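Report on one structure; see the data block that follows.
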Amino acid sequence: MAIKSFLSFVLVLMLSGPLGALFGTSSVYAAEQKVNITKDLASITVMDNGKKYVIKRNQNVKNTINEDYALTSRACPPFCVQPMQLLPGVHTIGEIEMLKFLKARSDGDKSIMIIDSRTPDWVRKGSIPSAINIPWTQLYPESSSYQPFVVEDLLTSRFGAKVDDGIWDFSNAKTLVMFCNGPWCGQSPTNIKALVNMGYPADKIYWYRGGMQAWNALGLTTTTSP
């Protein structure tokens, strides 16, 4: 009986803490896993195209990083190390902040878009559950596949911006959370710079600098597409 009382007390403490309030009841189960996200957060659950995903860390303590992210010395350029502060006003975030956005989006906050800026060949190898793929080439003016009407459609129909006689209104634009392959990847930084140059508010853009490199290094759940 004493053990049950102690466990109940622990669960109450976990639920009343900041992560319990932020992520919900998934923090209750932290004590049941060996490899948690934080000491009191085991996982979060999100929906991706009608499918439920439990995002947690790989429970095999001998697991190693995916070989796609094992290289340490990619040629620079183009694979140069990105700065921590990409542009004034743009928020650089880590995994906990990304999980917060994922949970909020999954819980119905439609003002948030989580964007995988990589090309489809990389996305097929694995992405963050519920992220939307918008390849960086669609937003980069110097790309051979860049089409202004496609960009305008993205900005208006998906990002929540408005345009009238060529004048953009971003007052109701969505919060964009963008990532690519990691600190050596220029795809999401290129898109972020392009968006800010178009007038998109920098403070509505969040950049997960660690990207898939860090996500995989921490053994977090990924989703693959055919």
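The values are calculated or read from the model by the stated rules, or taken from the named source; none is laboratory data. The structure displayed is predicted, hence computed values, not measured ones. Here Cβ is always computed from backbone atoms with ideal geometry, including for glycine, and neighbour counts include all displayed protein chains. For the accessible areas, the whole protein counts, side chains as well, though only heavy atoms, and no ligand, DNA or RNA atoms are used. Shrake-Rupley method; radii C 1.70, N 1.55, O 1.52, S 1.80 Å.
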Count of the stretch 128-138 residues which are within 19 Å of Lys51 (Cβ to Cβ) and open to solvent by 10 Å² or more (accessible area, probe 1.4 Å): 4
Unmet requirement for Gly211, which otherwise passes all of (1) touching a strand residue (DSSP E or B) at 6+ places or on another chain (Cβ under 7 Å); (2) open to solvent by 10 Å² or more (accessible area, probe 1.4 Å); (3) touching a residue at least 12 places away in the same chain (Cβ under 8 Å): (2)
Odd one out for Tyr206, checked against (1) part of a helix (DSSP H, G or I); (2) in contact (Cβ under 8 Å) with a residue 40 or more places away in the chain; (3) open to solvent by 30 Å² or more (accessible area, probe 1.4 Å): (1)
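Please determine, by comparing only the residues of the stretch 152-174 that are outside any loop (DSSP other than H, G, I, E, B) and touching a residue at least 40 places away in the same chain (Cβ under 8 Å), which one is surrounded by the fewest Cβ atoms within 10 Å (Cβ to Cβ).
The selected residue is Arg158.
If you scan the stretch 108-157, which residues turn out to be in contact with a Cys (Cβ under 6 Å, 6 or more places away or on another chain) and of a type in the set (D, E, K, R)?
Step one: of the stretch 108-157, the residues in contact with a Cys (Cβ under 6 Å, 6 or more places away or on another chain) are 117-118.
Arg118 - this is the single residue of the stretch 108-157 that is in contact with a Cys (Cβ under 6 Å, 6 or more places away or on another chain) and of a type in the set (D, E, K, R).
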Inter-residue pairs, beta-carbon under 7 Å, first closer than 19 Å to Lys125 by Cα and in contact (Cβ under 8 Å) with a residue 12 or more places away in the chain and in the stretch 64-83, second of a type in the set (Lys, Arg) and assigned to a loop (DSSP other than H, G, I, E, B), 6+ apart: Asp68/Lys125
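Open to solvent by less than 20 Å² (accessible area, probe 1.4 Å), within 25 Å of Gly126 (Cα to Cα), modelled with pLDDT of 95 or more and in a loop (DSSP other than H, G, I, E, B): is that true of Asn191 in this structure?
Values: open to solvent by less than 20 Å² (accessible area, probe 1.4 Å): yes; within 25 Å of Gly126 (Cα to Cα): yes; modelled with pLDDT of 95 or more: yes; in a loop (DSSP other than H, G, I, E, B): no.
It is false that Asn191 is open to solvent by less than 20 Å² (accessible area, probe 1.4 Å), within 25 Å of Gly126 (Cα to Cα), modelled with pLDDT of 95 or more and in a loop (DSSP other than H, G, I, E, B).
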